[in-house]
Amino acid sequence: MRDSEQFAEFVSQRSPALLRAAWLLTGDWHLAQDLVQVSLEKSWPRWGREVEHPEAYVRRVMLTTYLSWRRRRWTGEVPTADVPEQASAAGGTDLRLSLLTALATLPPRQRAVLVLRYFEDLTEQQAADALGCSVGTVKAHASRGLQHLRLTPGLAEALGEGARDGR
């Protein structure tokens, strides 16, 4: 009974942060909710006995689940009746939309590294542990991902001249 109480408390306290990270990974609230739910479901059987650091464990399960979904699911264009408006350089909302759009174009591992490093504020070592790779791999994915973001037209324009020349 003790394990189930600890698990319920963990879910209650950490679900908002896990959902935010899942949304940053997937770019879709419904998929993010599914990702968190599936990750918690996969984590429950090992809870208490085998999990020394619960949040790191659940985050790792969430990342591996997300990466496996990206390999299996088709993520092409979805037809819509309305043509989306072009983002302009004015306002924080446009910058946020440009950033989220640019994040969605990154390969899954680069996106995962950028989410862990810059949105979840993990160290390189913590991100490497979560992804099951070396610190050097995290650095390489972060470097490539940031370079891609710097070269993204809507994002570079929204950030101003400093983003285009790497400053």
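A few comments on the model shown:
- Number of the exception - Thr105 against (1) modelled with pLDDT of 85 or more; (2) surrounded by 13 or more Cβ atoms within 10 Å (Cβ to Cβ); (3) not assigned by TED's automatic domain parsing to the domain that holds Gln6: (2)
- Scanning the stretch 49-93 for residues that are farther than 29 Å from Arg14 by Cα and either modelled with pLDDT of 85 or more or surrounded by 10 or more Cβ atoms within 10 Å (Cβ to Cβ) (or both) yields a total of 4.
- Hits in the stretch 128-145 (condition: closer than 15 Å to Val58 by Cβ and assigned to a helix (DSSP H, G or I)): Asp129, Ala130, Leu131
- Among the residues of the stretch 123-149, those that are of a type outside the set (Gly, Ala, Ser) and touching an Asp or Glu at 6+ places or on another chain (Cβ under 9 Å) comprise Gln126, Val135, Val138, Lys139.
- Odd one out for Pro16, checked against (1) over 19 Å from Leu114 (Cβ atoms); (2) touching a helix residue (DSSP H, G or I) at 6+ places or on another chain (Cβ under 9 Å): (2)
The values are calculated or read from the model by the stated rules, or taken from the named source; none is laboratory data. Everything numeric here is computed off the predicted structure, so don't read it as measured data. Glycine gets a Cβ as well: all are built from the backbone with ideal geometry, and neighbour counts include every protein chain shown.
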